[in-house]
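The block underneath contains the structure these notes are about, expressed in C-alpha cells.
Computed from the coordinates by the stated procedures, all read-outs in this text should not be read as laboratory data. Please read all numbers here as calculations on a predicted model, not as lab measurements. For neighbour counting, all protein chains shown are included, and Cβ atoms are generated from backbone atoms with ideal geometry for every residue, glycine included.
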C-alpha cells in the first residue's frame, strides 16, 4: 500500500493529522499495537519537525506485509549540524514554537529510538530527507 501526504509549514493546528491517518490505516491492517506505537511516535516527530522547521514537505508511506517504509521530505532549509540535532534536548525551535509545547529537542532522538533503520540526508541550505524503516511483527497484515 502506498500513500502520500503534503505537510504545510507552520500549520500547527494540523500537526499530527497525517500521523493520525496513518495510525488508523495501520490499525485497519491489524498491525500490532506495539508496532503501531513506534511507527506513529517516529512519524509524528518527523511530521512536527517539518511543520516547525521547514518550508513544507511531504510524507510518503509504503506498507508491505512485513515492513513499513516511511519517507519525510521537506523543502529546506536543511539541518546545519545533524550530529548536534540528534542530541537529546538540543533544538533550534523559536520561542513561539516552544510556547505551543513543541521544540523540546526530542524529535530526532525519538525517531532514532523507534525505527529499525534510519537514514537522514540533509545539508544546510538544502532539504532534509528522512527515511525510516520499521519491521512489522509476524502474524500481522
#### Entry: segment 58-102 versus segment 14-40: alpha-carbon centroid distance in Å
17
### Summary
Of 64, 96, 117, the most mobile residue in a GNM of the chain (C-alpha springs, cutoff 10 Å) is 96
### Task
Take residue 60, project a point 7 Å from its Cα along the Cβ direction, then tell me which residues of segment 1-31 have their backbone nitrogen under 11 Å from it.
3-5
### Query
Considering the chain as a Gaussian network with a 10 Å cut-off on Cα pairs, which listed residue, 56, 16, 101, attains the greatest mean-square fluctuation?
101
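So between residue 3 and residue 69, what do we pick up on full extension, going 0.36 nm a residue minus the alpha carbon distance?
Working: separation 66, 0.36 × 66 = 23.76 nm, distance 1.09 nm.
Going from the current span to full extension adds 22.7 nm.
Based only on other Cβ atoms within 10 Å, what is the fewest-to-most ordering of 129, 66, 2? Show your work: numbers first, answer last.
Values: 129 15, 66 12, 2 9.
Least crowded to most crowded, the residues run 2, 66, 129.
Let me check against my output: what whole-number percent is the relative contact order of the chain, with C-alpha pairs under 8 Å and at least 6 apart? Can you show the working numbers first?
On the way: 279 pairs, mean separation 41.3, N = 141.
It comes to 29 percent, rounded to a whole number.
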### Summary
Between the modelled labels at residue 116 and residue 33 (7 Å from Cα along Cα→Cβ) the distance in nm is 2.1
